[in-house]
Amino acid sequence: MSALVSGPVSGAGVADPGTTTPSELGPATFRRVLRDQRKTIGVAIVLGVAAYWVLGQLDEWTLAGCIAGGVALGLANHLFTEFWLLRLITSGEQPTRARLAMSTLVRLLVVAVVAVGIAVWFWPDGIGLLLGLAIFRLIALVMTGLPLLKELKQQ
């Protein structure tokens with residue numbers, strides 16, 4: 001749902017997403033998602049660099065790589081979710097609960113399997129991947145929620 005708040009719809013300058021027709025939103029491209037999510041991508045880069053900066057000084061390069069990998073995995077999940085939502089919105093079709101649930105389940109299952117696999121492979125430093133994933137999710141949640149809170153405050 002974050003695409004409705006901080007992504008393509010609000011970025012297109014549309015006041016009420018309920019009255020927007022799919023043709024007014026333009027085509028759903030991954031490039032558009034990258035453009036709409038540039039702040040989130042910037043935060044992910046800063047988090048990855050910070051992991052190397054801090055943990056590199058402690059000679060914990062594997063842990064730094066795992067944390068940066070977790071942030072990258074979280075970013076990839078976030079971008080693919082935004083792209084899927086953009087495609088869904090621009091197609092004009094009404095999603096069913098089952099379709100939303102299945103898409104979310106598959107995406108999160110893939111992320112979980114990859115994250116746990118890497119965490120086990122690089123144990124004990126691999127736990128940093130899960131930490132990086134959690135940190136990115138928290139930051140993305142805050143970045144998605146702030147525009148919604150601002151919009152609610154204006155109403």
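Counting charges near V33 (Lys, Arg +1; Asp, Glu -1) among other residues having Cβ under 11 Å from its Cβ returns a value of +3. For V46, the accessible area of its heavy atoms, probed at 1.4 Å with every protein chain present, is near 100 square angstrom.
Taking 0.36 nm per residue of sequence separation and removing the Cα-Cα distance, the V116/T104 pair yields an extension gain of 2.5 nm.
In the stretch 43-89, the portion of solvent-accessible area held by carbon and sulfur atoms comes to 74 percent [1.4 Å probe, whole percent, DNA, RNA and ligands not counted]. Net charge of the neighbourhood of V46, taken over other residues with C-beta under 15 Å away and scored Lys/Arg +1, Asp/Glu -1, is +2.
Rounded, prolate or oblate for the stretch 100-155? Axes are the square roots of the Cα gyration tensor eigenvalues, ordered a ≥ b ≥ c, and the cut-off for rounded is a/c under 1.5. Oblate, since a/c reaches 1.5 and b/c is not below a/b.
The values are calculated or read from the model by the stated rules, or taken from the named source; none is laboratory data. Computed from a predicted structure; not experimentally measured. A quick note on method: Cβ atoms are made from the backbone with ideal geometry, for glycine too, and the neighbour counts reach across all protein chains shown. For accessibility, only protein heavy atoms count, side chains too; no ligands or nucleic acids. Shrake-Rupley method; radii C 1.70, N 1.55, O 1.52, S 1.80 Å.
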